[in-house]
Amino acid sequence: MKNNDLLKPASREEAELLEKLDPKRMPNHLAVIMDGNGRWAEKRHLPRVAGHRAGVKAAREVIETCARLNLPCLTLYAFSLENWRRPQAEVDFLMRLLREYLKRELPTINKNNIRLLVIGRSAQLPEAVGRDIADAMRQTARNTGMKLVVALNYGGRAELADAFNAMLDHVRANGLSAFRADEQTISDHLYTAGLPDPDLLIRTSGEMRVSNFLLWQIAYAEIYVTEALWPDFSRVRLLEALVDFQKRERRYGGLGALRAEHDARSRRG
Ligand code: FPP
């Protein structure tokens, strides 16, 4: 299957990028730090929330493109544990925006056979948000296409702490005095248990930070930072990142030949 059969290019630039992409070497899991909504709005003398609205549009385009390109998994960093420190009105707006997105987009998500998953401390989210998320996850649970993972009230260190505590609970509950955890045990207790590790991490707006995102899981991820602000991260920008990813030789601290073995392993999840 060629890319052009999966995705109809809307411009010559898109067509040229699609031509360069090898459908057999797509990332198994793309993780994205969507940054720069506020700056996008500021540049236009608009309120920050207008940047978030534009950010949702960009997210929709990226989600649809990844699904059409048959990526197995896409994770979007939508709200961090630190984001509660923003002005209350902005936090409320972001929560409303998320609920609005879920309500409006659920039919399209289902049509595209996408399964929605949410990672983070969702029990601490406002009740209505938690309810809508649970509903959306239930309504997409049988979809077999791309997994869309939304990180909400998420922090990488908090995720590790939660995993360690889950393991301790297991040890105590079963009186396992000889219990030892290996890397797989830890992976199996993360919010992302069962998902492949991200092999590509994209961050927009030029910041060279991982901001407490999927700290364990990105151990071997390729990192792609673009100056584009998130609302400007169009389909063309995404295709550029994927083409760049395919140009890199992934070595996992060893030899290139290890790549096939590692890719096969993470494909199995
Ligand atoms: C960063 O911009 C973006 C966020 C805080 C996340 C919000 C994301 C969206 C609204 C996109 C929609 C996502 C989904 C899943 C529908 P910023 O405010 O940190 O920008 P700044 O650094 O320029 O201030």
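Residues whose amide H comes within less than 5 Å of that of Ser80, counting only those at least five positions distant or on another chain, are Asn153, Tyr154 (H built at 1.01 Å from N in the peptide plane).
Please label the shape of the stretch 1-149 as rounded, prolate or oblate, based on the square roots a ≥ b ≥ c of the eigenvalues of the alpha-carbon gyration tensor (a/c under 1.5 means rounded; beyond that, a/b larger than b/c means prolate, else oblate). Oblate is the answer for the stretch 1-149, as a/c is 1.5 or above yet b/c matches or exceeds a/b. Taking amide H as placed 1.01 Å from N in the peptide plane, Ile119 has its amide H under 5 Å from the amide H of Val150, Ala151, Leu152, each at least 5 places away in sequence or on another chain.
With charges only on Cβ, +1 for K and R and -1 for D and E, what is the dipole size of the stretch 112-158 about its Cα centre, in debye, rounded to 20?
200 debye
The stretch 101-178 and the stretch 58-83 have Cα centres separated by 15 Å. Adding -39500 (n - 2.57) for every DSSP H run of four residues or longer, then dividing by how many residues the chain holds, sets the calculated 222 nm ellipticity at -15000 deg cm²/dmol. Computed from phi, the 3J(HN,Hα) profile of the stretch 63-69 under the Karplus parametrisation 6.51, -1.76, 1.60 (θ = phi - 60°) reads 4, 5, 5, 4, 5, 5, 7 Hz, with x in place of Gly and Pro. As a rough guide to protection, the peptides 141-153, 228-240 ranked by mean Cβ packing within 10 Å, highest first, stand as 228-240, 141-153.
Residue-wise HN-Hα couplings along the stretch 114-125, as the Karplus relation 6.51 cos²θ - 1.76 cosθ + 1.60 with θ = phi - 60° gives them from phi, are 8, 9, 8, 10, 10, 10, x, 8, 6, 5, 8, 7 Hz; Gly and Pro carry x. Its Cα centre serving as origin, the stretch 77-158 has a Cβ charge dipole (Lys and Arg +1, Asp and Glu -1) of approximately 260 debye. Cross-link check: pairs Lys24/Lys103; Lys24/Lys247; Lys20/Lys43; Lys57/Lys247 evaluated at a Cα-Cα cut-off of 23 Å; pairs beyond the cut-off: Lys24/Lys103; Lys20/Lys43; Lys57/Lys247. Database remark: amide H of Val225 closer than 5 angstrom to the amide H of Arg203 (H placed geometrically; neighbours at sequence offset of 5 or more, or on other chains; Pro and chain starts carry no H). Across all C-alpha atoms in the chain, the radius of gyration and Dmax reach 18.9, 63 Å. Scattering from the stretch 41-103 was approximated by placing one identical point on each alpha carbon and applying the Debye formula without solvent; log10 I(q)/I(0) at 0.24, 0.29 1/Å stands at -1.12, -1.29.
Phi angles across the stretch 16-28 convert, under the Karplus curve 6.51 cos²θ - 1.76 cosθ + 1.60 with θ = phi - 60°, into 3J(HN,Hα) values of 5, 5, 4, 4, 6, 7, 8, x, 7, 10, 6, x, 6 Hz, Gly and Pro given as x.
Quick note: the coordinates plus some simple rules give every number you see, no bench work behind them. Nothing here was measured: the structure is a model prediction, and the numbers come from that model. Glycine also receives a Cβ, built like all others from the backbone with ideal geometry; neighbour counts cover every protein chain displayed.
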